[in-house]
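Down below is the structure, laid out as structure tokens.
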Amino acid sequence: MSEMTETTLGGRFTFPGTSLTVQRIGYGAMQLAGPGVWGPPKDPDGAVAVLREAVAAGVNHIDTSDFYGPHITNQIIRQALHPYPTGLAIVTKLGARRPPDKSWQPAISPQDLTEGVHDNLRNLGLDALDIVNYRAMGAIHGPAEGSIAEQVTVLADLRRKGLIRHIGLSNVTAAQLAEAQAITDIVCVQNNYNLAQRHDDALIDDLARQGIPYVPYFPLGGFTPLQSSTLSDVAGRLGATPMQVALAWLLHRSPNILLIPGTSSVAHLRENLAARQLTLSPQVLEELDGIAATAEAPH
């Protein structure tokens, strides 16, 4: 049973049409920047240590962006890990910029996207980017419909030029995915999804049928105190943390889900990676599935 758990929960996944095979629990680098994802971290040496610990523990999928900091997170990744170990997949994203007022603004013109690719290449110290996700800005709480054809076409052109190897999407709808797939191959989708936010259930299943990974962000985002208490109760019974249970549930949810939990702490990193060893019984899964029903009930 333990072997099956390791295979089905930890396990590996290959991005379609690529040679990139990654562990299903990776690392999200956003929290390596300073407060508000702005400026340098308070403990630069600690940030480097977290990245090195992640790779030493077998993590080979790092999610980042040059608009984190801005530039800071990629520079820390380069300092910690360059020259990069064989098999490490660094996935970055485009579509936003951070002006001096620390706001998040769209950066979606052909020039913006091209400059963004070059910024990522320079700060990561790479000749080509493994995977670039186009992140649609969307609405406040999630994706918003609207054509992304121009932006995906720009990335496809940059791919033909050899600056990008593969293209993914972030914060998109099923219709936008279909539009993008008519232009180029899409190797991953990264959206907001967790125990309480399950609007993408159908999309996850559709991507699984296509062999395309789904990468949820905010694994504990958007919870009410009531939902958090349910999660905490389950975690207490299992001798685990709420974050470990939330991550283990995502691994159970579908074999094409890849995780990128972020932290600036080595101790929290180790806790997150231990989620792959957590087995959830059918009864526990049913209890956790009820969190989404609570989220959708009228208040």
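Values quoted throughout were computed directly from the atomic coordinates according to the rules given, and no laboratory measurement underlies them. Computed from a predicted structure; not experimentally measured. Backbone-built Cβ (ideal geometry, glycine too); neighbour counts: all protein chains shown.
Structure data summary
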read-out: Among the candidates Leu285, Leu251, residue that is surrounded by 14 or more Cβ atoms within 10 Å (Cβ to Cβ) and either within 26 Å of Ser65 (Cβ to Cβ) or touching a residue at least 40 places away in the same chain (Cβ under 8 Å) (or both); value: Leu251
read-out: Those residues of segment 240-273 which are among the hydrophobic types (A, V, I, L, M, F, W, C) and either within 20 Å of Ala29 (Cβ to Cβ) or touching a Phe, Trp or Tyr at 6+ places or on another chain (Cβ under 9 Å) (or both), in sequence order; value: Met243, Ala246, Leu247, Leu250, Ile257, Leu258, Leu259, Ile260, Val266, Ala267, Leu269, Leu273
read-out: Some residue of segment 202-210 being farther than 21 Å from Arg135 by Cα and buried (at least 16 other Cβ atoms within 10 Å of the Cβ); value: no
read-out: Subset tally (residues that are of a type in the set (S, T, N, Q) and farther than 24 Å from Thr18 by Cβ) for segment 129-163; value: 1
read-out: Cβ pairs under 8 Å, 6+ apart, first in segment 222-239 and part of a helix (DSSP H, G or I), second among the hydroxyl-bearing types (Ser, Thr, Tyr); value: Leu226/Thr294; Gln227/Thr294; Thr230/Thr294; Ala235/Thr241
read-out: Boolean, Ile62 is under 25 Å from Tyr214 (Cα atoms) and outside any loop (DSSP other than H, G, I, E, B); value: yes
read-out: Count - residues of segment 50-69 that are among the basic types (Lys, Arg) and touching a strand residue (DSSP E or B) at 6+ places or on another chain (Cβ under 7 Å); value: 0
read-out: Residues (hydroxyl-bearing (Ser, Thr, Tyr) and surrounded by fewer than 16 Cβ atoms within 10 Å (Cβ to Cβ)) located in segment 229-245; value: Ser229, Ser232
read-out: Top-ranked residue of segment 39-53 - restricted to ones that are touching a residue at least 60 places away in the same chain (Cβ under 8 Å) and surrounded by 15 or more Cβ atoms within 10 Å (Cβ to Cβ), ranked as farthest from Leu259 (Cα to Cα); value: Pro41
read-out: Single unsatisfied condition, Asp205 versus (1) under 22 Å from Val22 (Cα atoms); (2) outside any loop (DSSP other than H, G, I, E, B); (3) touching a helix residue (DSSP H, G or I) at 6+ places or on another chain (Cβ under 9 Å); value: (3)
read-out: From Arg98, Arg165, residue being of a type in the set (Lys, Arg), more than 30 Å from Gly222 (Cα to Cα) and surrounded by 15 or more Cβ atoms within 10 Å (Cβ to Cβ); value: Arg165
read-out: Residue match in segment 213-221 (condition: farther than 30 Å from Ala156 by Cβ, in contact (Cβ under 8 Å) with a residue 12 or more places away in the chain and assigned to a helix (DSSP H, G or I)); value: no
read-out: Filter result for Arg198 (under 26 Å from Ser19 (Cα atoms) and either surrounded by fewer than 20 Cβ atoms within 10 Å (Cβ to Cβ) or among the charged types (D, E, K, R) (or both)); value: no
read-out: Test: residue in segment 98-110 that is under 23 Å from Asn171 (Cα atoms), touching a residue at least 60 places away in the same chain (Cβ under 8 Å) and touching a Phe, Trp or Tyr at 6+ places or on another chain (Cβ under 7 Å); value: yes
